[in-house]
1. Confirm whether Leu457 is farther than 21 Å from Asn387 by Cβ, of a type outside the set (Asp, Glu) and in contact (Cβ under 8 Å) with a residue 12 or more places away in the chain.
2. Report yes if some residue within segment 207-228 is among the basic types (Lys, Arg) and assigned to a helix (DSSP H, G or I); otherwise report no.
3. Mind listing whichever residues of segment 135-184 are more than 16 Å from the ligand (Cβ to nearest atom), over 21 Å from Glu57 (Cα atoms) and modelled with pLDDT under 95?
4. With the structure loaded, tell me whether Phe265 is near the ligand (Cβ under 9 Å from one of its atoms) and open to solvent by 10 Å² or more (accessible area, probe 1.4 Å) or whether it fails that test.
5. Working only within segment 146-203, note down all residues that are basic (Lys, Arg) and open to solvent by less than 50 Å² (accessible area, probe 1.4 Å).
6. Taking the options Tyr5, Tyr41, Tyr12, name whichever one is open to solvent by 10 Å² or more (accessible area, probe 1.4 Å) and within 13 Å of the ligand (Cβ to nearest atom).
7. In segment 46-54, is there at least one residue being crowded, with 18+ Cβ neighbours inside 10 Å, under 12 Å from the mean Cα position of the chain (by Cα), closer than 22 Å to Thr9 by Cα and not aliphatic (A, V, I, L, M)?
8. Keeping to segment 296-326, report how many residues are within 18 Å of Ile74 (Cβ to Cβ) and more than 9 Å from the ligand (Cβ to nearest atom).
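The values are calculated or read from the model by the stated rules, or taken from the named source; none is laboratory data. As the structure is a computational prediction, the values presented were derived from the model and not from experiment. Because the Cβ atoms are built from the backbone with ideal geometry, glycine has one as well, and the counts that use them run over all protein chains shown. In case anyone asks, the SASA skips ligands and DNA or RNA and just uses the protein heavy atoms, side chains included. Shrake-Rupley method; radii C 1.70, N 1.55, O 1.52, S 1.80 Å.
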Amino acid sequence: MNKSYYITTPIYYPSGKFHVGHCYCTVVADTIARYKRLRGYDVFFMTGTDEHGQKIEKKAKDANKTPREYVDEIVSDTKDLWKALNISYDKYIRTTDEEHIKCVQKIYEKLYNSGDIYKANYEGLYCTPCESFWTETQLIDGKCPDCGREVELVKEESYFFKLSKYQDRLLEFYNENPEFLEPLSRKNELINNFFNKGLEDVCVSRTTIDWGIKLPFDSKHTAYVWIDALANYITGLGYLTDKDERFKKFWPADLHLVGKEIYRFHAMLWPALLMALDLPLPKKIFGHGWLIVEGKKISKSFGNYKDPRIYINATSVDTLRYYLIHEVVFGQDGNFSEELFVEKSNADLSNDLGNLVSRVTAMVEKYNGGILENCNLNEEIDNDLINEVNLVKSKVEEKMDSLKVNEALTEIFKVIRKANKYIDLSMPWVLAKENKKDRLNTVLYNLVETIRICAILLKPFLVNTPKKIFEYIGADENITDWESSGKFGLLRNGTKVTKGENLFPRIEYKEGIFDMQEENIKVEEKQEKVEQVNEKGYITIDELSKVELRVGQIKEVSRVENADKLYKLLVDVGEEELRTIVTGLVPFYKEEELLNKQIVIVTNLKPAKLRGIMSNGMLLAAGETDVVKLLTLDNNAGNIENGTRIH
Ligand code: MSP
């Protein structure tokens, strides 16, 4: 049986549009999930949205919407963004899902019954944007230490979770499991900032917020959003339900990926809650850094961001994925700038990768009619390249297994650069000129093999490029699975190689290059055709409603001159004037058979000229060649007016 692997991103607040900072964590998680799948793991990758709480309640009110209406819109847009980035999640959890709500209530019940939750009065400070409680001493300059915004005084009856009770067990667990919290610097920071001062119990309910999960033992109270949110990692697996196969299979999680500002909730509160529930703890919590712009975290509140789909539409999904994975040292902060984005795309993707593929495939086409032929005339420079290619799989695996995701990508690009250098050193154009055919073919073979292996290794990171490369170099699925990246020489002699288009066209950077309208940004709108194919030809109700069908009555019929099959019809579709429709019904209906029939007309089809006559609309009929029958109305049920809309 395959080994299982459970990976999560945080569930995001749907409190506005998402930015490249949110994409960062999701793309990295997706890359790890894809990598594990390629390594044969049975992966469960979950992401979603954290939809309750004061922040959402306020935002919805400001937008004049119910919280549900407000979050539904954002969730639909977020799913579209994940689609644009090809995020391969297995489940999208929403904290407003019925199963989640029920499970959170059961969790509260359990904790209450075991005495880990108790009632008291809370008086303290609250930061609504962060949904965090603070004490006076934790504030920095009287403001929230996480986001620097104003906090408010909250005074209410609350339930508390006995976090203090778990302090020693937590520390013991950290010590016994040195890989549990990463990176190490964040773990040390956490211990210094919180444990050394002693953990305090946490307020886990609110009475002044309606938009939340009601506590089963006291419905005046709603669950604190952080408990509600953290629980998603187990409610999403069916914990405490009779459909808990996933929970049995995937819990404990292998990796919770989270941003540094929410690390403490995951590193302290979450494990303590799990201890209280008597559940095993996740294997690893990794706190990554932020994407920053001009020194500031990209965030909704600073407004220093664009819709990430702008970058995807202007370049490609792989360009954005590459930037996010490569430019941020995993665990540290990384810069996002449009200029750097273009620079990296040109340097690494167009020049190094794109150029290698187009140069090599073009040379195989030019010098050997597109046919690969390894003549095994290797020299020292060849062995040098091949040795490096033979090592790259294990280097990438080692980096990925230790979560050095950006470094894994760097290893692949080192080989890509080496291959470009190999072209300069081996000079295939000189070999061609000197008619050293066997040596030339050997060089080309080595290059194409290098490309095949790099493309396999790129699969977790880039979603479209590897497929395109395999097509160009004629590599079928037998030699493009992960294991095949460890074997040089799998491409057979005689394989057909085709010169490919440039995978990453160069972009000219100018100020404002991405300042485009955000209209039509959704992939759904751009991908109608693809989706129809993907989803078995289904169209959405919105797409269907674009077709205007109306009842029309044929008022006049005449033949079109010099056309054997065409009638010109004048049809009443309830408008002031009759519509002219040209149709090929002559072989199937006599003129008198058509007259006065009530039929179905597509009234919003773009008019088109047929035999010089402007035809404005289309009638619906069944059959194509031998028999054609018009769709007519059943008049037995009474008459219906011409022009009536058909739904
Ligand atoms: N809802 C909580 C998480 C609950 S998980 C049980 C939350 N949501 S959030 O939408 O505010 O942030 C979600 C994630 O996005 C966090 O991990 C956060 O660090 C990440 N990012 C938000 N802005 C970011 C950057 N500019 N850069 C990188 N990641 C950033 O917190």
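1. Values: farther than 21 Å from Asn387 by Cβ: no; of a type outside the set (Asp, Glu): yes; in contact (Cβ under 8 Å) with a residue 12 or more places away in the chain: yes.
No.
2. Kept after step one, since they are among the basic types (Lys, Arg), are these residues of segment 207-228: 214, 220.
Checking the rest, the ones that are also assigned to a helix (DSSP H, G or I) come to none.
Taking every residue of segment 207-228 in turn, none turns out to be among the basic types (Lys, Arg) and assigned to a helix (DSSP H, G or I).
3. If the condition is that a residue be more than 16 Å from the ligand (Cβ to nearest atom), over 21 Å from Glu57 (Cα atoms) and modelled with pLDDT under 95, then Thr135, Glu136, Thr137, Gln138, Leu139, Ile140, Asp141, Gly142, Lys143, Leu184 are the ones that fit.
4. yes
5. If the condition is that a residue be basic (Lys, Arg) and open to solvent by less than 50 Å² (accessible area, probe 1.4 Å), then Arg186, Lys187 are the ones that fit.
6. None of the others qualify; the one that does is Tyr12.
7. So far as segment 46-54 goes, yes, one or more of its residues are crowded, with 18+ Cβ neighbours inside 10 Å, under 12 Å from the mean Cα position of the chain (by Cα), closer than 22 Å to Thr9 by Cα and not aliphatic (A, V, I, L, M).
8. 7
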